[in-house]
Structure formats: structure tokens, C-alpha cells
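These notes concern the structure reproduced below.
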Amino acid sequence: MLLLHVLFHTATATLTTVNFANHSNFCAAHSLVLVLYSASWCSYSERLLPTLGQAAELLAAAPSGVAIAQSTDARLAEAAGADAVPALRLHRAPCRPEESEAYDGPLEAASLAAYLHREARPAAPLAVSTAEAASSPAVARAGARRSVSGVHSATSSPTLASAAMPPHVRR
């Protein structure tokens, strides 16, 4: 149901805007923050906003201490090492801008949410429905990555695990 909501929802969640003044307070409430450093004139930045909004909605449905924000603050971007726009940077607790790292994970909303959730809490995989896994192989791989090693744990989902395996390995 949540997947259908995301697929057919025309408006996306509004991302929190962070700047140099409020960055520390915002980050203190989260273990992991993905920040889109953007500019209003940048069409690439504008194209990322709906996907990031959808990922934020998915993360809100499964609270994990992860947030997605945006910033047009040049001072914060410089401190974080974002030397071009758009730039996606991960800020891990305690979220010092100078310790941020470039984000090079998936850019599809469900895959991005699963990736961020996993990065924030490696021991607590994001629950992904069979429908979501079928519609997004990247989510299936992200959700089952640790359990697909030849031996499945008792808590792993056989559906997700088999979806993440190459066809010649599935049973």
C-alpha cells in the first residue's frame, strides 16, 4: 500500500532546509543525514527533489534516525566539501560538516531509503514488501545483501533473498 502511495502520489514530502546556523541542531536529532546541496537555478537539483521527497516519506514510515535535507547555503556547502551542485553528502553523527562524505548510493527512492536505513542501523534491515522487492531489484539486493551468502539466517526473507540472487542460483 505504501508503495502504491509513493508511485501515484503527486506531491512529495517537503525536505527540511538546513543552513550553517541550524545544521548542528538538526543533525543532533539524527544518526545519519543525507543533504542535497543545491541551487535554485540548477535543473539537476530540481529533478532530484521529488525522488528525495519520496525517499523521505519511506524513511518516515520506518523511523530509523535518518533524515534527508536540502541546503542552498554556500557556507555550509563549502564546509561540507560540496564543490558543485547538485551534491549529495552523508553527515553521520555527530554531523560535523567537514566530516561529511560523498553519497554514491542508489538514486531511486525505495533503494535510496533502504540504503540509508541500512547505513544508519546495519543490524535492523528495512522491512520491504514482496511487491516492493518485485518492482525494485535494487531494494531486494539492499534488503537481503547480508543474508544472501549461501546460508540464509532464520530471520531473512526467502522472497527477498531469492530475488537478490542471480537466476541460475535461485531454487
Quick one: net charge around residue 50, please, counting Lys, Arg +1 and Asp, Glu -1 for every other residue with C-beta under 14 Å from its C-beta. -2
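FRET efficiency for residue 20 and residue 49, Cβ-Cβ distance as r, R0 = 22 Å, nearest 0.05?
The formula returns an efficiency of 0.55 here.
Every number in this text was worked out from the coordinates using simple rules, so none of it is lab data. These numbers were taken from a predicted model, which means no experiment stands behind them. Cβ coordinates were reconstructed from backbone atoms using ideal geometry, including for glycine residues, and neighbour counts include every protein chain displayed.
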